[in-house]
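**Q** Quick one: the structure is below, questions incoming.
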Amino acid sequence: MATSKMTGDTAAIPAPSYLFHRHTLAVRVTHGINAIAIAFLLGTGFNIFNAHPSLYWGHYGAEADAAKRWLEIGSATTPAGQAHGFVRIGSLTVRTTGVLGISTGSNGRLQAIAYPGWATIPAGRDLATARNFHFFFAWVLILNGLLYLGHGLATGHLRRDLLPRLKELGPATIGGDIIRHVRLQFPKGEASKRYHILQKLAYGGIVFVIIPLAILTGLGMSPGANAAWSWLPDVFGGRPSSRSLHWVAANLILLFIAVHLMMVVLAGPFNEIRSMITGKFRIDPETAK
């Protein structure tokens, strides 16, 4: 019950808040390891990308012909001699000076580099170190992900919390959840104990689609994996195509993280973060209207 009522003129007394065990220890531990692994994978991945900041489709890459690149992050000089950074996607070019293409280095001077040093691991150009850490944390992500999936299947967490039910996929349900999120109307009471459809689609999409795509396309670029599974690059249309899809997957993960953190802040960071550290989530019952 949301409230307990008293007779006479006495106002209804709201039911007290209480702590609900929201996340198991296994979910909390694997979540933390995943967060660390993905942070290193993104940072080292940006450093690796800086070695050749262009993307292609097909079986051939690193072409001198810029017309064959579907994406490029670089720098150019205006007729007046002023350098500027840019991102080119197809025929669309956007100036991104100060963030992408050209940014301020640790010495305070402008440098021509795709991703700035503050976003890469290591901070400077170091392809060898970035590759070593990238491969290490890729295996951390894979092994930790397998543990998470195994636990989720054994306990029913995946079926119960992440897989949408057929009735939840209706336009009315999805549209209603979108409207509530836009209005920042977050679930209260018993409804806050479970994931709603947008959360299921977002979390399920990351767990079952985007991260597996990043892993498989990463293997599709690896010479060692290609030697073991020669057919793998062809699944994605070639190693350059694997690199393109890998970059797209990485940026979708980055977008998910940004939105996820924003939702945590808006929904109440203390309660949300506590639930992921201790497993305890405070339930605030809705008051009667």
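**Q** Taking Rh as the Kirkwood radius computed over C-alpha pairs, what is the Stokes-Einstein D of the range 54-114 at 25 °C in a medium of viscosity 0.890 mPa s, expressed in µm² per second? Mind dumping the intermediate values first?
**A** Working: Rh = 12.3 Å.
Stokes-Einstein gives a translational diffusion coefficient of 199 µm²/s.
**Q** Also, quick follow-up: Where the centre of each part is set by its Cα atoms, how far does the range 25-69 sit from the range 135-198, in angstrom?
**A** 25 Å
**Q** Among Leu169, His134, Val207, whose Cα lies farthest out toward the positive end of the dipole of the range 131-217, if unit charges sit on the beta carbon of Lys, Arg (+1) and Asp, Glu (-1)?
**A** Positive-most Cα among the choices belongs to Leu169.
**Q** Quick one: if the Förster radius is 22 Å, what FRET efficiency do Thr278 and Lys188 give, using the C-beta to C-beta distance and rounding to 0.05? All intermediate terms of the calculation are to be shown ahead of the outcome.
**A** Details: r = 21 Å, r/R0 = 0.94.
Here the calculated transfer efficiency is 0.60.
**Q** Still on this model: Could you tell me the ratio Rg/Rh of the chain? Both radii from Cα atoms, Rh via Kirkwood. All intermediate terms of the calculation are to be shown ahead of the outcome.
**A** Values: Rg = 23.6 Å, Rh = 22.1 Å.
A ratio of 1.06.
**Q** Would you please give the residues with an amide H less than 5 Å from that of Gly101, counting only those at least 5 places away or on a separate chain, with H modeled from the backbone geometry?
**A** Residues meeting the amide H criterion: Ile113, Ala114, Tyr115.
**Q** Between Thr97 and Ala51, with labels modelled 7 Å along Cα→Cβ, what's the label distance in nm to one decimal, could you check?
**A** 3.1 nm
**Q** If I model a spin label at Phe270 and His181 as a point 7 Å from the Cα along the Cα→Cβ vector, what separation in nanometres do I get?
**A** 2.7 nm
**Q** For the chain, calculate the relative contact order in percent as a whole number, restricting contacts to Cα pairs under 8 Å that are 6 or more residues apart. It would help to have the intermediate numbers written out before the result.
**A** Values: 386 pairs, mean separation 75.0, N = 289.
Rounded, it is 26 percent for the chain.
**Q** Where in the chain are the DSSP H helices whose C-alpha atoms run 24 Å or more along the long axis and whose mean Kyte hydropathy is at least -0.5?
**A** On the way: long enough: 25-50 (38 Å, 1.25); 127-155 (41 Å, 1.07); 239-267 (41 Å, 1.33).
Helices meeting the criterion: 25-50, 127-155, 239-267.
**Q** Let me ask another. Work out the count of Lys pairs in the chain where the Cα-Cα distance is under 15 Å, with the pair 8 or more places apart or on different chains.
**A** Details: Lys5/Lys289; Lys167/Lys200; Lys188/Lys289; Lys193/Lys280.
Number of lysine pairs found: 4.
**Q** Under a plain spin-label model, where a point goes 7 Å from the Cα along Cα-to-Cβ, how far apart in nm are Arg160 and Met262?
**A** In this crude spin-label approximation the distance works out to 3.2 nm.
**Q** Given springs between every Cα pair under 10 Å in a Gaussian network model of the chain, which of Pro233, Pro212, Pro16 has the largest fluctuation?
**A** Pro16
Only the coordinates and a few stated rules stand behind these numbers; no lab work does. It should be emphasised that the depicted structure is a prediction, and the values quoted were computed from it without experimental measurement. Reconstructed Cβ throughout: ideal geometry from the backbone, glycine too, with neighbour counts over all protein chains shown.
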